[in-house]
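Worksheet: one structure, shown below.
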Amino acid sequence: QDLVTRAKLESGDCFTVLPDGTPTATMPYALRLQVLEADRIGNPGGKPDTAETAAGIRRAAGGGVVTGFHVYSSHPGGLWMPGSGDRWAGEWIEPVGKSGRRRMLHHFKRLRPEQPRGVPYLAPVMGLFKLLGDYSDAEVKAAVISAWLTLVIETPSGTGVPNIFGLQQPTGGAADGGQAPAANVEMGPGYVVGLAKGEKASVVNPGRPNPAFGDFVQAVIDQLGAGTFLGSEMLMKKFNTSYVAARAAFLDAWKHLLDVRTGTANDFCQPAMETWMAEAVIRRRIRAPGFFTDPRLRWAYTRAAWQGDS
C-alpha cells in the first residue's frame, strides 16, 4: 500500500499486475501482486499517440472503455546494451480477463474526463521548489564568500592585467604604455600591512547574509504549502504559533491526506481483496452461496472498511 501510494504521488500514476503464481503449502492462493513503475507503460515501439492509443493506454472507439495497457518488458530508461533486444518490446495486458478476473490495476487521481494518465503530485509546485533550491544555494555561497576578507588596493595610476587565465602583464613602465604590477599584499591575524604612497585599501562587502532571506524563503514555503494542500506548518513540520493554529493546520491537511488514503483503498486495496475473495470461493476455502450468481450478494460479501495508517 505504501509503495503504490508513494509511486502514484511521485510519478502521477502506477500500475499493478495481478498474475497467477504457483500455490504452496504456506501460500494456498495463486494471486500475486506486482507493482510496476509508471515508465513501464507506453506506446508500442515508443511511437507517438494515436486516436486509439495514448501513453500506453488503449481505449475502445470513441475514447470509451480502457481495453488494454502496453507494458514494456524492461524499463525503457534502464541499462540497455546493443544486441540485447528491442528496448521498446512489450505486450498488451487487458484490465479484465475473459472470466471477469482483474488482470491489471491503474492507480491515479482523475482530474479531467477521459484523462488517460495521472499528474505527479509536485507538478504544480515543481518550479517553486527549483527556484527555492537555486536561491538557497546562491545565498549560502554568497555568505561563505563574504566570510573571507577581500581587499581592493587602489593606486593613482592603476595596475596592469593580473596574471590569471593565461593573461600576461605588460612589461615596462609608463614610458612604453605599460603599468607596473602592484606588490603582493598578504593578510593574516594581527598583520600590519604597509601600502605605497598614494595607495588605499578598500574592503569589498557583498552584504551577506541577506537580512531578507528568511522572510523570502517563508513566503515561498507558504506558496508551496498551499500548492501541496498541506500548509506551510505541516510541510515543514514546524509548529511555532499556537495550539489552535497548529490544530487547524493539521485538520486542514488531514482532508487532503484522507483523500489520498481513500484513493489507495478504492483503486488498490478493494480490487485486490475482491480478486482474492473470488479465488478463495472458487477454491472452496470460503463458503459464500450466491457469490457468482447474484451481483448483490457478491457486493455484500466483498464490502470492507479500510482504516489505513494513522
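The values are calculated or read from the model by the stated rules, or taken from the named source; none is laboratory data. These numbers come from a predicted model, not from an experiment. Don't worry about glycine lacking a Cβ; one is built from the backbone with ideal geometry, like all the others, and counts go over all protein chains shown. Side chains are part of the model used for accessible areas, which takes the heavy atoms of the whole protein and leaves out ligands, DNA and RNA. Shrake-Rupley method; radii C 1.70, N 1.55, O 1.52, S 1.80 Å.
Taking the Cα centre of each part, how many Å lie between region 210-254 and region 2-32?
Going from one Cα centre to the other spans 36 Å.
How would you order 122-131, 33-42 from highest to lowest mean count of nearby Cβ atoms within 10 Å?
Final packing ranking: 33-42, 122-131.
Report, to the nearest whole %, how much of the accessible area of region 1-96 belongs to carbon and sulfur atoms, 1.4 Å probe, protein only.
So the carbon and sulfur contribution to the accessible surface is 55 percent.
Between residue 87 and residue 193, 0.36 nm times their residue separation minus their Cα-Cα distance comes to what?
Between residue 87 and residue 193, full extension yields an extra 31.4 nm.
Measure off 7 Å from each Cα along the Cα-to-Cβ vector at residue 260 and residue 73, then give the distance between these two points in nanometres to one decimal.
Result: 3.7 nm between the two label points.
Report, ordered by chain and residue number, the lysines lying within cross-link reach of residue 141, taken as a straight Cα distance under 18 Å and ignoring same-chain residues fewer than 8 apart.
Within reach: 130.
Could you report the accessible area of residue 192 in Å², rounded to 10, computed with a 1.4 Å probe on the protein chains as they sit in the structure?
140 Å²
Using the heavy atoms of the protein chains and a 1.4 angstrom probe, tell me the accessible area per residue for the chain in square angstrom.
Averaged over the residues of the chain, the accessible area is 67 Å².
For residue 98, which lysines qualify as cross-link partners when the Cα separation must be under 29 Å and same-chain residues fewer than eight apart are set aside?
Cross-link targets: 8, 47, 109.
Take residue 145, project a point 7 Å from its Cα along the Cβ direction, then tell me which residues of region 203-228 have their backbone nitrogen under 13 Å from it.
Zone members listed by number: 204-209.
At a Förster radius of 41 Å, what calculated FRET efficiency corresponds to the Cβ-Cβ distance of residue 296 and residue 237, to the nearest 0.05?
After rounding to 0.05, the efficiency reads 0.30.
If you take Rg/Rh (Cα atoms, Kirkwood Rh) from the coordinates, which of (i) 1.24; (ii) 1.01; (iii) 1.09 do you get?
Only one option fits the structure, namely (i).
If I take every Cα pair under 8 Å that is 6 or more residues apart in the chain, average their sequence separation and divide by the length, what percent do I get for the relative contact order?
It comes to 15 percent, rounded to a whole number.
Between residue 80 and residue 128, what is the FRET efficiency for a Förster distance of 35 Å, r being their Cβ-Cβ separation, to the nearest 0.05?
0.50
Hey, rough spin-label estimate for residue 226 and residue 287, points 7 angstrom out along Cα→Cβ, what's it come to in nanometres?
Label at residue 226, label at residue 287, 6.1 nm between them.
Could you name the aspartates and glutamates in cross-link range of residue 255, using Cα to Cα under 20 Å and dropping any fewer than eight places away on the same chain?
2, 10, 222, 233, 267, 309
Counting only protein heavy atoms and using a 1.4 Å probe, what share of the accessible area of region 188-310 belongs to carbon plus sulfur, as a whole percent?
Answer for region 188-310 is 59 percent, counting heavy atoms of protein chains only.
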